[in-house]
Amino acid sequence: MKNILEKYIPTHAVEPVFGLIEANHIHLKIVNERKTRHGDYRRLPEGVHQITVNASLNKYRFLITLIHEIAHLLAFERFGRQIKPHGREWKMTFQRLMLPFIRPEIFPAELLPILARHFKNPTASSDTDAQLSVSLKSYDPANDRNYVYEVPHGSIFRIYNGKIFKKGERRIKRYECVEVKTGRIYLFQPNAEVELLKTAN
């Protein structure tokens, strides 16, 4: 397991993460990319704790995702299955688990203050924290995707499921975009990844 973890997370995180996996009898599955989630936790019928994480994540996002899912397991075990998945108990557990990892041996110096701010009140997904998401993306391999906030107003773009939109105005934190086929308006987070098809004239 350690040699597998070394491929996916920072070197100095391997030992403590391996300890968490061993202590909590976790079956870790590394899977092909799923567009709608980075990872998940599930308690299988026979009592096995299974955590899946996308193989395509960079090592910093992989580590955060894995600890996020371990926090679900530990919060449910300690506080019971009736708690909200991303409620107060989970946030407290996630903060406690992540704290030992937020150090320069594991994360780049420029990420540390962003992580420290995020973990004062962690969200259900790192993607909903635009600053953290954009900072983590800078460690991804180059690809042809853009963020919505980078796309010029009035441009046409496609999302992961093939739907095509025209970018509209910013409404407080999110952007109003019109689905070309139906004319329906959808709100997009500024850090939603899209494929630019046509720039506005």
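Every number here is computed from the coordinates shown, using simple stated rules; none is lab data. Not measured: the values here are computed from a predicted model. Positions of Cβ are backbone-derived with ideal geometry, glycine not excepted, and every protein chain shown enters the neighbour counts.
With the alpha-carbon atoms of region 146-198 aligned to their principal axes, the span from lowest to highest coordinate is 25, 21, 18 Å, starting with the largest.
Would you mind giving the three semi-axes, in whole Å and largest first, of the ellipsoid equivalent to region 48-166 according to its Cα gyration tensor? Provide the component values of the computation, followed by the final result.
Working: eigenvalues 164, 68, 39 Å².
Three semi-axes, in Å: 29, 18, 14.
Counting only Cα atoms, the size of region 1-89 along its three principal axes is 35, 29, 27 Å, in decreasing order.
One compactness figure for region 59-104 is 1.15, namely its Cα radius of gyration divided by 2.2 N^0.38 Å. Seen from every direction in turn and averaged, the convex hull around the alpha carbons of region 100-173 projects onto 6.8 nm². Taking GluC sites (Glu not before Pro) in DSSP loop conformation with at most 16 other Cβ atoms inside 10 Å as exposed sites, the chain has its longest uninterrupted site-free stretch at 111-201. Along region 160-173 the Karplus relation, 6.51 cos²θ - 1.76 cosθ + 1.60 evaluated at θ = phi - 60°, assigns HN-Hα couplings of 4, 8, x, 5, 10, 10, 10, 6, x, 6, 7, 10, 6, 9 Hz to successive residues, with x for each Gly and Pro. A straight line joining the Cα centroids of region 136-201 and region 69-124 runs 29 Å. Shown for region 2-137: lysine pairs separated by 8 or more places, or found on different chains, whose C-alpha atoms are under 15 Å apart, numbering 7.
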